[in-house]
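The values are calculated or read from the model by the stated rules, or taken from the named source; none is laboratory data. Quick caveat, the model's predicted, so the values are computed rather than measured. Positions of Cβ are backbone-derived with ideal geometry, glycine not excepted, and every protein chain shown enters the neighbour counts. When the accessible area is computed, the model is the full protein with side chains, heavy atoms only, and any ligands, DNA or RNA have been set aside. Shrake-Rupley method; radii C 1.70, N 1.55, O 1.52, S 1.80 Å.
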Amino acid sequence: MVFVNLNYFLKITTLLFSIGIMGLVLNRKNILIAIMSIELLLLSVNLNFIIFSVYLDDVVGQLFVLFVLTIAATESGIGLAILTSFYKLRNSIEFKLIKINNLKI
């Protein structure tokens, strides 16, 4: 069995988390990229929970990951449903069009 150092996995999750943060910070127009960046953030945190759950030989981290994945899937489904209905109304999903003051239905 090959043993990999814990620091290797922590560097990977840190890299994934920073890519997700950069996707949120640098993205100014497309809301789909923002949703994907949030998902990347949640998945990197989940990977961290799994790594420490295996490292500490504890099941609580894995159960917590199950709950977080359920919430993330629900958030993605509702977000994409809202985007689909908004696209049908406005034919665009840019950030600057999604403001409460400009939304006249």
Within the accessible area of the chain (1.4 Å probe), percent carbon and sulfur: 72 percent
Compactness relative to 2.2 N^0.38 Å, alpha carbon Rg of the chain: 1.37
Point-to-point label distance, residue 28-residue 15, nm (Cα→Cβ direction, 7 Å offset): 2.9 nm
Residue 68/residue 91 FRET efficiency (R0 30 Å; Cβ-Cβ; nearest 0.05): 0.30
Dipole of the chain, positive direction: furthest Cα of 86, 72, 18, with charges on the beta-carbon: 86
Assigned charges on the beta-carbon of Lys, Arg, Asp, Glu; region 1-92 dipole about Cα centre (debye): 580 debye
Acute angle (nearest 10 degrees) that the helix 6-26 long axis makes with the longest principal axis of the chain, alpha-carbon atoms: 10 degrees
Relative contact order (%) - the chain, alpha-carbon pairs under 8 angstrom, separation at least six: 25 percent
